[in-house]
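Below is one structure; the comments refer to it alone.
The values are calculated or read from the model by the stated rules, or taken from the named source; none is laboratory data. In this text the structure is predicted, and so the values were computed from the model without any measurement. We place every Cβ from the backbone using ideal geometry, glycine too, and count neighbours over all the protein chains shown. Only protein heavy atoms, including side chains, enter the accessible area calculation; ligands, DNA and RNA are left aside. Shrake-Rupley method; radii C 1.70, N 1.55, O 1.52, S 1.80 Å.
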Amino acid sequence: MAGENAAVSTLPALSAAETRAAEALLARAWGPGASVRGAEPIWDRRHVVRLHLATDRSVVMKKRAGADSFGVELATLEYLNGMPEPVAPRLLGADADAGIVLMEDLGPGASLADSLLTGDPSRVRADLISYAEALGSMHAWSMRRPGARPALPDPPWLGAVARGKDALLGAAAALGLPAAGAGTDVDQLCVLLNETGYRGLVHGDACPDNVRFLDGRCRIFDFEHSGWGPVVLDASYLLAPFPSCWCFGRLPASVAATAMSAYRRRLRAAGIDLGPSWDAVMTAALGAWILAWGDTIAKTLEKDDEWGTTTMRPRLLTWLRSFTSAAGQSGVLPGLRVLAGELHERLSARWPETVIADYPALAQPGAVRVRVPGFWQPEV
């Protein structure tokens with residue numbers, strides 16, 4: 001799973017050809033003298049390597065993994081290089097023949113996962129605000145420059161949403177729940193996401209371990225799942241929360257609301273007004289996560305798989321509740337709201353032992369806390 005960041009020091013990190021290609025790229029970016037003196041895999045990913053240079057500097061290399069051409073991440077980083085105040089690592093160069101991309105090494109720094117699992121309430125609140133501001137800055141910058149759109153596909157989650165319709169309705173039918181009114185709403189959900197504006201660069205996997213806090217600012221990395229589409233897919237990570245992430249726990253509404261306010265302020269400062277339609281689009285995004293995981297609902301009826309800090313059942317119940325709450329306030333997608341509410345009620349009764357545990361840093365006295373997985377080690 002993404003984020004399983006156990007260090008691996010025994011893998012062959014770099015070939016001679018990759019070393020030569022990296023040094024050539026560095027020479028073009030920085031001039032001569034930046035020879036590679038060492039390399040080590042980062043986390044458990046064979047294709048992500050930290051290069052130690054003779055100049056006492058370091059960079060991060062991503063290598064082509066299988067048939068992946070890393071085109072999405074390369075296009076995204078090239079685009080984000082234009083931001084005056086960076087939120088992403090700066091792109092240093094790429095060699096398609098060698099199959100490598102070089103980017104700025106953000107260096108040691110705490111992630112949002114570190115804060116949630118080992119921090120304290122004040123630190124988590126500050127880090128969530130910084131995280132929301134970084135997303136807001138990236139979204140606002142891209143939304144203000146639609147004519148400079150990079151060559152990116154739709155965010156991959158949109159395809160998962162489209163494919164999830166039959167799976168969700170099938171799971172409802174298996175539980176004996178009528179879903180006649182929900183099918184039309186699923187189609188309307190996709191319209192809300194795609195045709196009400198708010199389009200820009202979408203990270204697509206804005207998880208707590210895909211950020212670093214450096215000098216009081218949040219930097220975002222790992223753009224392998226990026227696309228151009230409804231930015232609300234990223235913003236909804238604060239309210240769902242974190243629908244593609246191993247680091248999952250209960251995020252109190254007051255904490256999420258403060259971060260969401262910071263996100264909105266950042267867009268407002270860029271001249272982007274999130275009008276009344278934003279609440280409808282946010283509802284659609286929260287519904288999208290239910291659809292994206294639609295096939296998992298049927299599987300989880302019988303077996304509750306572990307993933308990171310918890311299992312799938314607490315996640316599904318949380319995402320259903322997040323959507324029904326938003327739909328109740330916005331008044332959109334009423335048929336899907338009814339179905340999601342009935343699913344939540346039926347599954348809660350079916351899984352009475354399921355507990356939605358707190359992040360350790362935000363846990364109330366006596367509350368159940370998510371487990372800290374053995375693969376995870378804090379960066380700082």
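Whenever a residue of region 259-282 is within 15 Å of GLY200 (Cα to Cα), its partners that are among the basic types (Lys, Arg) and not in a helix (DSSP H, G or I), lying with C-beta atoms within less than 8 angstrom and at least six residues away or across chains, give the pairs ALA270/ARG144; GLY271/ARG144; ILE272/ARG144. You will find that of ASP154, ASP166, the residue that is among the acidic types (Asp, Glu), out of contact with any Ser or Thr (no Cβ under 7 Å at 6 or more places or on another chain), modelled with pLDDT under 95 and part of a loop (DSSP other than H, G, I, E, B) is ASP154 and no other.
Of the residues examined, ILE129 is not one that is more than 20 Å from the chain's Cα centre (by Cα), open to solvent by less than 70 Å² (accessible area, probe 1.4 Å) and not basic (Lys, Arg). Restricted to region 312-330, and to residues there that are farther than 17 Å from PRO252 by Cα and in contact (Cβ under 8 Å) with a residue 40 or more places away in the chain, the residue that is surrounded by the most Cβ atoms within 10 Å (Cβ to Cβ) is ALA327. One residue stands out among those in region 96-119 that are at pLDDT below 95 and more than 25 Å from HIS52 (Cα to Cα): the one that is least open to solvent (accessible area, probe 1.4 Å), which is GLY119. Can you say whether SER254 is more than 20 Å from CYS190 (Cβ to Cβ) and either modelled with pLDDT under 95 or not hydrophobic (A, V, I, L, M, F, W, C) (or both), as far as the supplied structure shows? The answer is yes for SER254. For region 336-367, a residue qualifies if it is open to solvent by less than 20 Å² (accessible area, probe 1.4 Å) and in a helix (DSSP H, G or I), and the qualifying residues are LEU336, LEU339, ALA340, LEU343, LEU347, ALA361, LEU362.
The condition of being of a type outside the set (A, V, I, L, M) and in contact (Cβ under 8 Å) with a residue 12 or more places away in the chain holds for only one of PRO365, PRO373, that being PRO373. Of all residues in region 259-269, those that are surrounded by 14 or more Cβ atoms within 10 Å (Cβ to Cβ) and either in contact with a strand residue (DSSP E or B) (Cβ under 9 Å, 6 or more places away or on another chain) or more than 14 Å from ALA235 (Cβ to Cβ) (or both) total 0. Among all positions in region 292-309, there is at least one residue which is closer than 27 Å to SER115 by Cα, touching a residue at least 24 places away in the same chain (Cβ under 8 Å) and of a type in the set (Val, Ile, Thr). When the residues of region 54-88 are filtered to those that are touching a Leu at 6+ places or on another chain (Cβ under 7 Å) and more than 21 Å from LEU201 (Cβ to Cβ), the one that is most open to solvent (accessible area, probe 1.4 Å) is SER58. The number of residues in region 282-315 being part of a loop (DSSP other than H, G, I, E, B) and over 19 Å from the mean Cα position of the chain (by Cα) comes to 5. Restricting the search to region 168-189, which residues are within 18 Å of LEU333 (Cα to Cα) and buried (at least 19 other Cβ atoms within 10 Å of the Cβ)? Across region 168-189, the qualifying residues are LEU168, LEU169, ALA172, ALA179, ALA182, ASP185, VAL186, LEU189. Among what's in region 211-246 and is among the polar types (S, T, N, Q) and in contact (Cβ under 8 Å) with a residue 60 or more places away in the chain, pick the residue that is farthest from ARG149 (Cα to Cα). Here the answer is SER244.
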